[in-house]
Amino acid sequence: MFDFVHEKRRLVQIVLLLIILPFAFFGVDSYRHAGDTDAPATVNGAKITKQEFETAMRQQQDRMRQMMGPSYDPAAFEKPEVKHAVLDNLVAQRLLIERAKSVGLTVTDEQIAQVIAGIDAFKAEGKFDQARYVAALAGQNMVPLSFEARVKDDLVGQQMRDAYVQNGYTANTAADRVIAINEEQRVISVAHVSPAAFMAQAKVDDAAVKTYYEQNQKEFQVPEQVKVEYVKFSSSGLMAKAEVKAEEVRKYYDEHQSEFATPEQRQASHILIAVPATAPQAEQDQARAKAEQLLAQVKKNPAQFAEVAKQNSQDPGSAAHGGDLGLFGRGMMVKAFDDAVFALKPGEISGLVKSDFGFHIIKLVAVKASSATPFDVVRDTVAAKMRQQKAADGFAELADKFSNAVYEQSDTLKPAAALAGAAVEQSAWLVKGAVAGDVWNEKMLQAVFSDDVIKNHRNTAAVEVAANTLVAARLLEHKPAAVRALNEVQEMIKQKILREKALDMAVKQGTMLLGQAKQGSKTDLSWSVAQAISHAQHGELDVALVRQVFQTNGAKLPQYVGAESKLDGFIIVRVDSVKAAEKPDEVKRGRYVQQLRQMIGEEMFQAYLNDAKGQAKIKLNLPETVKQ
């Protein structure tokens, strides 16, 4: 139905997804405490750090990789304009949160908890799992308290966006008009004036072919090519030769018990009275007094700890669960919290613990002792790891010798191949600048097309094409860049010129026939079966021609329009009748109104952001080539 609106809406949503609040794990707040002095930008005096910028770049790359799959090109992110766009997005994010806070927008702990509980990464068997939550954050070098602060910022910014996006206004009469335009149908027939019909009339002489050849030399260039022999030396190639004895495996297991043991984990609950470390002393004293009051309460009656946490803790991620943080290992919490937990005995309640997030009261619920995995379970894994290590050690030991052999005996690869225990292989034809697989990457291609290889007939250096992988090559055959001879391409040129001439004839004939049809004269055209088209569904007709069809006067029919087509020559469309859109029911009108309102709201929001940027003091420190 409302496809052109729908398509634009999706475009807006995708753009906003990439620009506004896209931090599932990395909010703007995650960088505020970084000590980066080389800030790519400042917004109203506050820095956007280099770390923030680099993380945003990685996020954008990940999103593009997921969206584009095999078509993804990492080189695109090296372009200055892309880097500038990412930095501009960060500026918008910072301004959005700043503006939201300035007008007093806030979210409740319950809202934060609800959002976190809905994230699939934190669920086990479909339900929020505190232990998985803590572990997932630890994998991103985060702790729950800082993550929750970021989620709060994100939600506050989202409120600001929603205030615009959800409040666009569209009258029902405007929606009805859009429906009438979008769903109107026109019944048409199509005629083609094909270039094929004029091919026999088109003529081209040898002089025209030669002139085209001389004026379009780049079209017939063949790039420089080489065929090489090469040796690939890698640690993976040494794996099959690496021998590991049973007694070595057992010895490794006995001497590295920590690798096969699950470290001690502790389950704790806490009550948080939040206060920023930078808060005024009076505010901190007030928070401490409240925390001391709660501490006395739970010390007096430890059994009430969970209930007190539910009613008083200001950590939204755990308060609803009685303060329970689940199981976690040493180092997964901020240091002061971590030290306190691992100093407690099961059932014991700590004194007040101060962190950057406020005052904590911690109760140790349980201790899960470390446990070792039996040798029989990990034997094969240990053996594979030892073979891999031996291969890596062997590679490290031989890498310099391999490089030296390639360099010192530069007229042959056989000694280097013998040293590596690898075969000398032969490549297909390699084209300069055309990356072909893992071995023939840009770095390796630069080596094989160097003057030292091509002119002096020496080996390339040993080039690292991947981790623990060296490749050296030498020239077998070389084809310099050249222009194909005229006799090789003259027939191709002749056919191209003939097609161009036939196309010109078809366009001239089609233009004349269109003019005759418009004047009411009879024309010898073969019309297709009648079909109904709309703005959204128009078959093979291109958008420009469809626009012409719907711009014709529907009160005077038939009407004729036409356009040139590179493939079809000239297309003439006869408009025979107009089918007005059916009167919309309330359901259809409602869908259109909703989409129009959202579109208008998106536009209002973008205008608001542009205005915010115009009023802010923004300094960009990326290279001048990317500044606007």
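Just so it is clear, none of the values below were taken in a lab; they were calculated from the coordinates. Predicted, not measured: the structure shown is a model, and the values here were computed from it. We place every Cβ from the backbone using ideal geometry, glycine too, and count neighbours over all the protein chains shown.
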Using Cα pairs under 8 angstrom and six or more residues apart, how large is the relative contact order of region 192-348, in percent?
-> 22 percent
Ranking 357, 342 by Cβ neighbours within 10 Å, fewest first, what do you get?
-> 342, 357
Rg to Rh ratio, region 150-239, alpha-carbon atoms and Kirkwood radius?
-> 1.37
Between residue 528 and residue 582, Cβ-based FRET efficiency (R0 25 Å, step 0.05) works out to 0.45
Distance in nm between residue 432 and residue 467 label points, each 7 Å along Cα→Cβ, equals 3.5 nm
Structure-derived Rg/Rh (Cα atoms, Kirkwood Rh) - corresponding label in (i) 1.09; (ii) 1.05; (iii) 1.03 = (i)
In percent, what relative contact order does the chain have, based on Cα pairs under 8 Å that are 6 or more apart in sequence?
-> 26 percent
With only helices counted (DSSP H, runs n ≥ 4, each -39500 (n - 2.57)), the per-residue ellipticity at 222 nm for the chain, to the nearest 500, works out to -15500 deg cm²/dmol
Between region 335-360 and region 544-616, the alpha-carbon center distance in angstrom | 63 Å
Among the listed pairs 47/354; 152/617; 152/588, which are separated by more than 29 Å between their Cα atoms?
-> 152/588
Chymotrypsin sites (Phe, Trp or Tyr not before Pro) restricted to region 111-175 and DSSP loop, no more than 12 other C-beta within 10 Å = 169
When 478, 256 are arranged by how many other beta-carbons sit within 10 Å of their Cβ, fewest first, they go 256, 478
List 179, 273 from most exposed to least, where exposure is judged by having the fewest other Cβ atoms within 10 Å.
-> 179, 273
Taking 0.36 nm per intervening residue step and subtracting the Cα-Cα distance, what contour gain separates residue 412 from residue 278 on full extension?
-> 41.4 nm
Mind jotting down the distance between the C-alpha centroids of region 187-247 and region 258-294, whole Å?
-> 65 Å
